[in-house]
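Undergrad: One structure, as structure tokens, below. Some questions next.
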Amino acid sequence: MRTNLRAKLPSDLAARLESQLGKEEFDAFLSSLEEEPRHGLRCNTGKITISELVKLLPFPVHPVPWAPAGFRFSADERPGILPFYQAGLYYLQEPSAMAPAEMLDVKPGERVLDLCAAPGGKSTQLAAALSGEGLLVANDPNPKRIKSLIWNLEHWGATNAVVLNEEPRRLAAAFPGYFDKILIDAPCSGEGMLRKEPNAIHSWRRYSGQACRIVQDEILDQAALMLRDGGRIVYSTCTFNPMENEEAVAAFLKRQTGFFLLPLPYYNGWKPGDTLMECRQLWPHLVEGEGQFLASFEKSRHNADSRHSADGRQTRARERESPGDAFSAAPSEDLSSRTPGGELEPFLEFIRAHLASPPKANYELYHGHVYQRPAGLPDLAGLKVSRPGWYQGVIRNGRFVPAQPLAMGLEAKQFKRKLDLDPLGELPARYLRGETLMLEGEPGWTLVTMGGFPLGFGRQTGSYLKNDYASGWRKV
């Protein structure tokens, strides 16, 4: 039991929550804080079907009603230590956190922005919905959080994602009217995480609702500039504070008259807003998850403002779509380092030799690092670009060395030479620790798989496989 949380709840926060819920329901809320947080995982439908994953997992799971690929599991289980997790077959995410991306209703081929993306759980959910088609721009302004965002997308196997490290205002100048869907999981006072995160109370004292609201208003207004006519925004927080939730939504609708609220569905325990019935509030005493607020906006299809960029230039998003759109690196990168196609020959030779059907794609070389760039990007000159696309590997001394993200984004059938390990045997764990495997095989680069799912690369020398699993990913 977690009785300390009830005792530590600040008196002013407790008074407001009681006024929001009423005494009887507030008591139920307090009781829920004494329970264990809810645990969940979400299937990577780009790698495995939901039914196949359920059969693979060595413990029972229970469906999350609002997320078809989501499941709850007992706090006693440890799915993060299983090799299936290292293969990117699922992401660990509490059930309520699955709701915002699900409510955005992303379809393959769309242009999607995750504006406050780190650590990346919702970005992986959006990537799964895109099914490798269209574009995902995952952005977070905090440079300290970018590494986790990149790792989660690469581990997931996302192949059509770009990672940026920018403030929303600077993005709005580069992406006027560009996106079909935008997710804003806004920074907030975090009241919904009281049960899950022990430090949430301390964070609540440091970050007031008023301070968060200033940031939230700015983020919403800049997102409005980046959305196409008829596009959709889902705004979410993990707090219960009306100032950051319904009041922020109402203020946005007054400032942005070209937007209107979309009604969200009802699931068991989802409460409508107190003043805006289209919104939804998830409370931990009513749902099998933590606290979450949700609102969905649509931009009017004949809203002339959406055809204007932040500096007043008229630009239609669809007019920018062209495979020949230029990509520019971050300011710290020397653009003169971009080399012509001939310098890519070691990489092209590698994919011709090792891939069964080499894809037709846009490849770019930056300081020896090769990326597959998603088509249709606008000019990103001046923006902080953390990942310009799917990372393939590095060219050193005229040779190409494949990278871990390349392996995670491939299907096993795409690579000619494979070593498949038995999920029930000891070899997957040894490979994931970085050990050399004493196995015979055909010499050369080999895609190491487990039950048909890629784990990483190795170099076969005949009598053993030299382990090339990324050092930063190894389980020791």
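Undergrad: What accessible area per residue comes out for the chain, rounded to a whole number of Å², with a 1.4 Å probe?
TA: 43 Å²
Undergrad: Another question, if that's okay. Note the angle between two axes, namely the Cα long axis of helix 209-226 and the longest principal axis of the Cα atoms of the chain, as a number of degrees from 0 to 90, rounded to the nearest 10.
TA: 60 degrees
Undergrad: Sticking with this structure for a sec: Classify the stretch 69-117 from the C-alpha gyration tensor, please: rounded if a/c falls under 1.5, else prolate or oblate depending on whether a/b exceeds b/c.
TA: Taking the square roots of the gyration eigenvalues as a ≥ b ≥ c, the stretch 69-117 is prolate.
Undergrad: On to the next question. Using r as the Cβ-Cβ distance of Met438 and Ala353, and R0 as 22 Å, what FRET efficiency do you calculate, to the nearest 0.05?
TA: Efficiency at R0 = 22 Å is approximately 0.30.
Undergrad: So if a site counts as exposed when it's one of the GluC sites (Glu not before Pro), its DSSP state isn't H, G, I, E or B, and it has at most 15 other Cβ atoms within 10 Å, what's the longest stretch of the chain without one?
TA: Excluding the exposed sites themselves, the longest stretch runs over 134-320.
Undergrad: Can I ask one more? Of the listed pairs Lys107/Lys416; Lys181/Lys299; Lys23/Lys271, which have alpha-carbon separations greater than 21 Å here?
TA: Lys107/Lys416
Undergrad: Using a/c under 1.5 as the rounded threshold, could you call the chain rounded, prolate or oblate? The axes a ≥ b ≥ c are square roots of the C-alpha gyration tensor eigenvalues, and prolate needs a/b larger than b/c, oblate otherwise.
TA: oblate
Undergrad: What percentage of the solvent-accessible surface of the chain, computed with a 1.4 Å probe over protein heavy atoms, is contributed by carbon and sulfur atoms?
TA: With neighbouring chains kept in place, the figure for the chain is 51 percent.
Undergrad: Whenever you get a sec, line up Asp422, Asp105, Asp114, Asp221 from highest to lowest accessible area (probe 1.4 Å, protein heavy atoms).
TA: Asp422, Asp105, Asp221, Asp114
Undergrad: Here is a follow-up. Taking the alpha-carbon distance from Lys55 and a cut-off under 18 Å, which lysines remain once sequence neighbours fewer than 8 residues away in the same chain are dropped?
TA: The qualifying lysines are Lys47.
Undergrad: Restricting attention to the stretch 351-419, which trypsin sites (Lys or Arg not before Pro) occupy a DSSP loop and are surrounded by at most 12 other Cβ atoms within 10 Å?
TA: Here the sparse-neighbourhood loop sites are Lys360.
Undergrad: Evaluate the distance, in nm, between pseudo-label points positioned 7 Å from the Cα of Leu56 and of Glu343 along their respective Cα→Cβ axes.
TA: Computed distance between label sites Leu56 and Glu343 equals 3.9 nm.
Undergrad: Give the aspartates and glutamates whose C-alpha is closer than 20 Å to that of Lys254, dropping any in the same chain fewer than 8 places away, or say none.
TA: Asp217, Glu218, Asp221, Asp229, Glu244, Glu246, Asp274, Glu278, Glu298, Asp305
Undergrad: Here is a further query. Run lengths n ≥ 4 of DSSP H only: what is the helix-derived mean residue ellipticity at 222 nm for the chain, with -39500 (n - 2.57) per run over all residues, to the nearest 500?
TA: -7500 deg cm²/dmol
Undergrad: Right, something else. Would you list Arg169, Arg373, Arg38 from the most to the least accessible area, probe 1.4 Å?
TA: Final ranking, largest accessible area leading: Arg169, Arg38, Arg373.
Undergrad: Tell me the angle of helix 121-130 to the major Cα principal axis of the chain, expressed in degrees between 0 and 90 and rounded to the nearest ten.
TA: Helix 121-130 and the main axis of the chain meet at about 70 degrees.
Undergrad: Further question on the same structure: Say each of Glu25 and Asn199 gets a label point 7 Å from the Cα, pointing the same way as Cα to Cβ; how far apart are those two points in nm?
TA: Computed distance between label sites Glu25 and Asn199 equals 3.2 nm.
Undergrad: Further, regarding this structure: Specify the angular offset, from 0 to 90 degrees and rounded to the nearest 10, of the alpha carbon long axis of helix 246-255 from the longest principal axis of the alpha carbons in the chain.
TA: Its long axis makes an angle of about 80 degrees.
Undergrad: Same structure again: Cut-off under 20 Å on the C-alpha distance; same-chain residues fewer than 8 positions from Lys475 excluded. Which lysines are left, in chain and number order?
TA: Lys147, Lys466
The values are calculated or read from the model by the stated rules, or taken from the named source; none is laboratory data. Everything numeric here is computed off the predicted structure, so don't read it as measured data. As a convention, Cβ positions derive from the backbone with ideal geometry for all residues, glycine included, and neighbour counts pool all protein chains shown. SASA here: full protein model, heavy atoms, side chains in, ligands and nucleic acids out. Shrake-Rupley method; radii C 1.70, N 1.55, O 1.52, S 1.80 Å.
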